[in-house]
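Every number here is computed from the coordinates shown, using simple stated rules; none is lab data. Predicted model only: the values in this text are computed from it and were never measured. Using ideal geometry, Cβ is built from the backbone for each residue, glycine included, and neighbour counts are taken over all protein chains shown.
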Amino acid sequence: MNISARTSSFIPLKKKKKHPRSLKVGACNFSRCHAQSGLLSNLCCDIWNFCFKLTSLQGARKPYSEVIDVSWGDPHRAGVKPLSFVRQVLAACLYPELVNSNKLPVDVRQRAQRLLGQCAGGSIGSYTATAGIAEIVHRVSEFITRRDGGAPSHPENIFISAGSQWNILKVLVNSKSSPKTGVLTPVPCHCTTTLSIMGLGAVVIPYYLSEEQGWELQVEELDRALESAKGVCNPVALYVINPGNPSGHIQRRKSIQEVIRFVSEKKLFLLADEVYQGCVYGEKSEFISYKRVLAEMGPPLSDTVELASFHSASKGFMGECGMRGGYVELINLDPDVMKYIYKLFSKDSCAPVLGQIALDLMINPPQPGDPSYPLYNVETQNIRTMLVHNVKRAFEVVNSLPGFCCQPVEGGAFAFPRLHLPPKAIQKAKEVGLQPDTFYCIRLLEEAGVLISPGCEYGQKEGTHHIRFCIMTSEVMMEELLRRLTCFHTQFMKDFS
């Protein structure tokens, strides 16, 4: 890092005369959300302060040349290369002159030409239909039918969006109701989900996944959570994540069936976050969608259970996080509600067109016989091999360190090991006003240059501590990450023993 170059950009600004502002923090909608949240620590602020210190300390030396950032589920950020076919089609759609050149494979040019033909004016700069480009929506429907063994999917039930699940939450949550709307949400769970629920004025009803059973979802725990909500809120929905984020578990068919029966009995809307369905690593693990299991259970469940299932091109091994393209499929909703949902999606005009195209490329990749297939097959197999290697190495190394215990990572993008901290470390964290696992993560960042996330950001049982890091990274980076973690952790445990 060139410290002098970085500090030169910090130029003192002249103080401006203060004027009264019409918009104040206390009047903003997000103030309630942040005030209610017990999940967010001070880690983000500490990270920025630390980065500022790096730019400010002239001549300061650290035992590393760069920071390894595995706090995001962002493969490209972590060194995974984009798929050539995807980027070639996107390039041709952005610069249509490439369609008529010989610089790209013929199937790439044909795909780009077909996609451009589905855009108004032949340009990705045009608006699309509210639910997405009609032809892409139909291909999403065909993909779902193939994935689910022939269970029918209907295009009119599919909406493409940059953030589909939040629109559905807006339908479910009545911010003016009394008692407040409640949503059963897993622990651990990504904090953006819980913050979004609370930001809409709803109550998060936590149910705890069983870490000792490989982060299994147990119906008995759902019953306990639902009972705890009595007198507090009105539960209307159950949110599940499969494959788990950050837990890395994959639900078995029997577990999914039990959940479906539970929501049917309790008259809850089922929200199935399945965005990591393409990332499965366990030898005996298999992703099965909630939609498929529901269809195969037959009437009356298949005709009555209300379900919203989500998938995304922004997640998974394709890794196009910045494209922001995903879909939601809605099952068994009232026709009048569907009309309202259409109006709700209409407020955003349409999903980003590049995200829609990326989604189309994810669900309809090159097939054997296509010119792009050999390279596409090699690249995707290399990524899958790399991820299997990373999962195995992370599991082996982390479990070899004293104080760590990591459940097998069957799918998803993260490892979420439990961290048994010495009492002295916990006491020191309290003295500096930090959660113990946040204290650990900040020390890891400062001393080893590794940026990971503390478990308190995702929720955890009281008295337990965890860390989360992304396994969707290059093998070289994973090995360096594990080396740094091992060295740091060994010294940390000595310092606080």
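Using the Karplus curve 6.51 cos²θ - 1.76 cosθ + 1.60 with θ = phi - 60°, what ³J(HN,Hα) values do you get for each residue of the stretch 289-299, in whole Hz, with x for Gly and Pro?
6, 4, 4, 5, 4, 4, 4, 6, 6, x, x
Between E446 and S126, how many nm apart are label points set 7 Å from Cα along the C-beta direction?
Distance between the two pseudo-spin positions: 5.7 nm.
Hey, got a sec? Which trypsin sites (Lys or Arg not before Pro) in the stretch 226-271 land in a DSSP loop and have at most 11 other Cβ atoms within 10 Å?
K230, K267
In Å, what Rg and Dmax follow from the Cα atoms of the chain?
In Å, with Rg to one decimal and Dmax whole: 23.9, 70.
Among the trypsin sites (Lys or Arg not before Pro) within the stretch 332-435, which fall in a DSSP loop and have no more than 12 other Cβ atoms within 10 Å of their own Cβ?
K347
Compute the distance from the alpha-carbon center of the stretch 325-342 to that of the stretch 403-437, in whole Å.
40 Å
Subtract the Cα-Cα distance of Y64 and Q113 from 0.36 nm times their separation in residues, and report this length gain in nm to one decimal.
Working: separation 49, 0.36 × 49 = 17.64 nm, distance 4.72 nm.
Working it through step by step, the gained length comes to 12.9 nm.
Plugging the Kirkwood radius over Cα pairs into Stokes-Einstein for the stretch 77-133, at a temperature of 10 °C and a viscosity of 1.306 mPa s, what D comes out in µm²/s?
On the way: Rh = 12.2 Å.
Diffusion coefficient, whole number: 130 µm²/s.
Which value, in debye to the nearest 20, gives the size of the charge dipole of the chain about its Cα centre, when Lys and Arg are +1 and Asp and Glu are -1 at the Cβ?
Computed about the Cα centre, the dipole is about 2080 debye.
Before rounding to the nearest 500, sum -39500 (n - 2.57) across all DSSP H runs of length at least 4 in the chain and divide by the residue total; then give [θ] at 222 nm in deg cm²/dmol.
Here the helix-only value at 222 nm equals -13000 deg cm²/dmol.
Which of the residue pairs K315/K339; K81/K291; K180/K430; K315/K461; K230/K266; K176/K343 have a Cα-Cα distance greater than 23 Å in the structure shown?
From the list (K315/K339; K81/K291; K180/K430; K315/K461; K230/K266; K176/K343), the Cα-Cα distance tops 23 Å for K315/K339; K81/K291; K180/K430; K315/K461.
Which one, I205, Q113, H138, is farthest towards the positive end of the dipole of the stretch 91-205 when Lys and Arg carry +1 and Asp and Glu -1 on their Cβ?
I205
Can you give me the Kirkwood hydrodynamic radius for the stretch 107-244, using every pair of distinct Cα atoms, in Å to one decimal?
When all Cα pairs of the stretch 107-244 are included, the Kirkwood radius is 18.0 Å.
Computed over the Cα atoms of the stretch 413-497, what is the ratio Rg over Rh, Rh following Kirkwood?
That ratio equals 0.96.
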